[in-house]
């Protein structure tokens, strides 16, 4: 580890890690050691969106949670969120779980349909066969 100390032993330029060691804050620190969201795991294709609700009094969000909340302004899957913020999926699931608990994001529900359009189903079938 490069401490960055000069020859006189001056610690003014001391660094905790070098570029190859990665971020100073490890992902598990972002979740305070938690590995699962309280409400259960969210799968990769769960679509989330911001509710527009205000942050509860006294509550604070980590910068990563603020980024996730901003990304949820438009409906977004959990997998896309993890990719966009460059954090491990498990960490994103825990952070999103906290946002769900605070009512800041919600799971987007599809409108129920009475019947699927046969033309769309045929097109999907044809595209799958083309693969």
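When residue 121 is tested against the conditions (1) in a helix (DSSP H, G or I); (2) modelled with pLDDT of 85 or more, the lone failure is (2). Screening residue 74 against (1) surrounded by 12 or more Cβ atoms within 10 Å (Cβ to Cβ); (2) at pLDDT 90 or above; (3) in contact with a strand residue (DSSP E or B) (Cβ under 8 Å, 6 or more places away or on another chain) leaves a single unmet condition, (1).
Looking only at residues of the stretch 103-117 that are at pLDDT 90 or above and either closer than 16 Å to residue 62 by Cα or assigned to a loop (DSSP other than H, G, I, E, B) (or both), we find that the one that is farthest from the chain's Cα centre (by Cα) is 103. Could you tell me whether residue 84 is over 13 Å from residue 49 (Cα atoms), free of Cβ contacts under 8 Å to residues at least 40 places away in the same chain, touching a strand residue (DSSP E or B) at 6+ places or on another chain (Cβ under 9 Å) and surrounded by fewer than 17 Cβ atoms within 10 Å (Cβ to Cβ)? Here the answer is yes, as residue 84 does meet what is asked.
For residue 65, the conditions (1) buried (at least 16 other Cβ atoms within 10 Å of the Cβ); (2) more than 14 Å from residue 102 (Cα to Cα) are fulfilled apart from (2).
Scan the stretch 51-71 residue by residue and report those that are part of a helix (DSSP H, G or I) and either at pLDDT 90 or above or under 9 Å from the mean Cα position of the chain (by Cα) (or both).
Across the stretch 51-71, the qualifying residues are 64, 65, 66, 67, 68, 69, 70, 71.
Within the stretch 88-100, can one find any residue that is in contact with a helix residue (DSSP H, G or I) (Cβ under 6 Å, 6 or more places away or on another chain), assigned to a helix (DSSP H, G or I) and within 10 Å of residue 49 (Cα to Cα)? Within the stretch 88-100, not a single residue is in contact with a helix residue (DSSP H, G or I) (Cβ under 6 Å, 6 or more places away or on another chain), assigned to a helix (DSSP H, G or I) and within 10 Å of residue 49 (Cα to Cα).
The values are calculated or read from the model by the stated rules, or taken from the named source; none is laboratory data. Everything numeric here is computed off the predicted structure, so don't read it as measured data. Please note: Cβ atoms are built from the backbone with ideal geometry, for glycine as well, and neighbour counts cover all protein chains shown.
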